[in-house]
1. In this structure, is residue 108 without any contact (Cβ under 8 Å) to a residue 40 or more places away in the chain, within 21 Å of residue 131 (Cα to Cα) and either outside the structural domain of residue 129 (by TED's automatic domain parsing) or in a loop (DSSP other than H, G, I, E, B) (or both)?
2. Among the residues of the stretch 72-113, how many are within 24 Å of residue 265 (Cβ to Cβ) and surrounded by fewer than 16 Cβ atoms within 10 Å (Cβ to Cβ)?
3. Of the conditions (1) crowded, with 24+ Cβ neighbours inside 10 Å; (2) over 27 Å from residue 42 (Cα atoms); (3) within 15 Å of the chain's Cα centre (by Cα), residue 132 fails just one. Which one is it?
4. Can you find even one residue in the stretch 222-233 that is closer than 19 Å to residue 152 by Cα, in contact (Cβ under 8 Å) with a residue 12 or more places away in the chain and in a loop (DSSP other than H, G, I, E, B)?
5. Considering each of 119, 52 in turn, give the residue that is surrounded by fewer than 20 Cβ atoms within 10 Å (Cβ to Cβ), at pLDDT 95 or above and in contact with a strand residue (DSSP E or B) (Cβ under 7 Å, 6 or more places away or on another chain).
6. Just checking, how many residues over the stretch 29-49 are free of Cβ contacts under 8 Å to residues at least 60 places away in the same chain, surrounded by 13 or more Cβ atoms within 10 Å (Cβ to Cβ) and part of a loop (DSSP other than H, G, I, E, B)?
7. Hey, can you tell me all the residues within the stretch 174-191 that are over 28 Å from residue 42 (Cβ atoms) and either out of contact with any helix residue (DSSP H, G or I) (no Cβ under 8 Å at 6 or more places or on another chain) or buried (at least 24 other Cβ atoms within 10 Å of the Cβ) (or both)?
8. Would the stretch 7-16 turn up any residue that is modelled with pLDDT of 95 or more, in contact with a strand residue (DSSP E or B) (Cβ under 6 Å, 6 or more places away or on another chain), surrounded by 18 or more Cβ atoms within 10 Å (Cβ to Cβ) and assigned by TED's automatic domain parsing to the domain that holds residue 145?
């Protein structure tokens, strides 16, 4: 749906829910896009629990559905998080998830979450939640999968030219983790649309366009279980192979040294090449000065 950054979108979300449940009364779960409620500006941050969750809980109870109403900025002490809420058909908050990888350096001021989010839908299966840039780090979806997630709900807010790349990543994550992926993008201040649902074989089940759209998708989680038992298209069995040959990846050791990654420079917004050259020169001079000081102290 279209997302405004200058006024609340909550009433429109409620209207879209009314329309959805009128058109498709068989629907049991609804997912909105990232930062759908109030848009992408951090001054809208609020404490949890709060008014937004309460209104969404009421809508979940009204229609007896599972509801993931995108995310909103959460004020938690002195920090701000990008947080999604999972609400069950009784209107209860069963889980919250804070985005692990804020889109630095663009999402400056947003703190990363540290806890994974999975929840069980009785008699259906296990679901996991990730948000937008999280998907660019395969460890996040892999961890949810290892925890048993069969469906990944992935609200996003992408209005930039890398949307094609994200669609490729979504297919790849669905394939290598043998799960369903719901990558739900907004419009206007909420993104450029083109939401996509991928199956456990990586195939696109449905892709929306650049207009407002309701995507009623029926899932058969036995497809996930068959894929994980017999392989992707009866071929590769990546989850079993990962289990059997997990190894000990030294790059993840707490005391591991990463000289190449350290050489890439600071995490900053790209600028003009001449400005970047000046910054690189200053970094070099600072490092040389540090080495000189260290050598001088050693001589003393």
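The values are calculated or read from the model by the stated rules, or taken from the named source; none is laboratory data. As the structure is a prediction and not an experimental result, all values here were calculated from the model. No Cβ is skipped: glycine too gets one built from the backbone with ideal geometry, and neighbour counts run over all protein chains shown.
1. yes
2. Residues that pass the stated criteria total 6.
3. Unmet for residue 132, out of (1) crowded, with 24+ Cβ neighbours inside 10 Å; (2) over 27 Å from residue 42 (Cα atoms); (3) within 15 Å of the chain's Cα centre (by Cα): (2).
4. no
5. Selected residue: 119, the only one of 119, 52 that is surrounded by fewer than 20 Cβ atoms within 10 Å (Cβ to Cβ), at pLDDT 95 or above and in contact with a strand residue (DSSP E or B) (Cβ under 7 Å, 6 or more places away or on another chain).
6. Residues in the stretch 29-49 being free of Cβ contacts under 8 Å to residues at least 60 places away in the same chain, surrounded by 13 or more Cβ atoms within 10 Å (Cβ to Cβ) and part of a loop (DSSP other than H, G, I, E, B): 4 in total.
7. 174, 177, 178, 179, 180
8. Within the stretch 7-16, one or more residues are modelled with pLDDT of 95 or more, in contact with a strand residue (DSSP E or B) (Cβ under 6 Å, 6 or more places away or on another chain), surrounded by 18 or more Cβ atoms within 10 Å (Cβ to Cβ) and assigned by TED's automatic domain parsing to the domain that holds residue 145.
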